[in-house]
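The structure appears right after this line, and notes come after that.
Taken together, the values in this text are just the output of simple stated rules run on the coordinates, not laboratory data. None of the values given here were measured: they were computed from a predicted structure. Glycine gets a Cβ as well: all are built from the backbone with ideal geometry, and neighbour counts include every protein chain shown.
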């Protein structure tokens, strides 16, 4: 059922992401692929925020390069990503996943956990995964996951690595991460601080209530607190881009790497030197970046990266604290002075690129520490 994803309901109002009626169950034959950086908290403590984010997005980039489309269900989680794949798609990408682990270890000195869980295994445990799509701009959507099964899949991979983690040896071919780039400097907050939020609840009514309250606090429109500001975007220099690019390649003398150097040279000329305004399609790409971001999403957990005033942050954290004390949800937040943007660009045409957003200095991963601690204490 390869066209299942294309037939999913498209949600245009983010407040509707908790509406269970808009979601459809994943086919029983599908598989769930989940990756995350082992020891990501320690890496973040060492200041390796961008490297962790890059590896988090790398799985999505790998699959996009093989399938040659962004139209498959995935969600970026900061230090990893989750994907749902049909058997035919999984068959194509499976041989390349061990190579991604190898690049993480050899080039980044980080260990990437890559796990696979069959939907049939989850169904046997009475778990389901349902999906919908969220429209972020014109013909660009991102996947939404609900039902609780994604959390279970993540837990199974971590609890039973011998059964669910991929341990095969990598192939020796160069893997395709050509559309992955991290060339924009951290985007400074314009309102006060960048607030990373994770919210976990068993109730769709609680999600709906909290989302409405947060939207009201943010002036009635989530666009008011988007962390991506076009007028403050700045591009990195040529040598800094090369330094980050070489981490994604085994062979620094390959045709692929040489072509990427040419791309970097052109990109630095266009964006750092301000020449993009001379080319209409490039200027459109630049000006529409903020509409192609995933700063709000849902994958059994509500994830938000917002640029807020101190007053808005105080109100949001007070709201979440009250809901937590009423035992309606668990949450974690993290504040920083800027947001990180990792880009996946198939082409620069509208709808053909997406930009993953996380808070700097830890973002989602730092917020998850508080959330996990709350859950642990609730079970004690």
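Here are the numbers for this structure:
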| quantity | calculated |
| --- | --- |
| FRET efficiency, residue 232 to residue 350 (Cβ-Cβ, R0 30 Å, nearest 0.05) | 0.90 |
| Cα-projected label distance for residue 16 with residue 277, points at 7 Å along beta-carbon direction, nm | 3.9 nm |
| Equivalent ellipsoid semi-axes - Cα gyration tensor, the stretch 42-152, angstrom | 24, 17, 16 |
| Gain on full stretching of the segment that runs from residue 204 to residue 4 - 0.36 nm per residue minus C-alpha separation | 69.6 nm |
| Distance between the stretch 270-330 and the stretch 142-200 - C-alpha centres, whole angstrom | 17 Å |
| Residues residue 94 and residue 369, FRET efficiency given R0 of 45 Å [Cβ-Cβ distance, rounded to 0.05] | 0.90 |
| Where a label projected 7 Å from the Cα of residue 160 along Cα→Cβ would reach, residues of the stretch 94-130 with amide N under 14 Å | 116-127 |
| Calculated over the stretch 11-77: convex hull of Cα atoms, volume per residue (Å³) | 147 Å³ |
| √(5λ) per eigenvalue of the Cα gyration tensor, the stretch 256-349, largest first, Å | 39, 15, 12 |
| FRET efficiency, residue 378 to residue 254 (Cβ-Cβ, R0 41 Å, nearest 0.05) | 0.20 |
| Computed lengthening from residue 24 to residue 311, 0.36 nm per intervening residue step minus Cα-Cα distance | 99.5 nm |
| Ascending count of other beta-carbon atoms within 10 Å, so fewest first, for 308, 343 | 343, 308 |
| Contour minus Cα-Cα distance for residue 266 and residue 185 (0.36 nm per residue) | 27.5 nm |
| Whole-percent pair-distance distribution, where bins are 20 Å wide, for the alpha carbons of the chain | 29, 62, 9, 0 |
| The stretch 109-252: mean projected area of Cα convex hull, nm² | 13.3 nm² |
| Estimated inter-spin distance, residue 240 and residue 171, nm [label 7 Å along Cα→Cβ] | 3.6 nm |
| Per-selection metrics, the stretch 213-259 (Cα): Rg and Dmax in Å | 19.1, 53 |
| D (Stokes-Einstein, µm²/s), Kirkwood Cα radius, the stretch 252-298, 1.306 mPa s at 10 °C | 127 µm²/s |
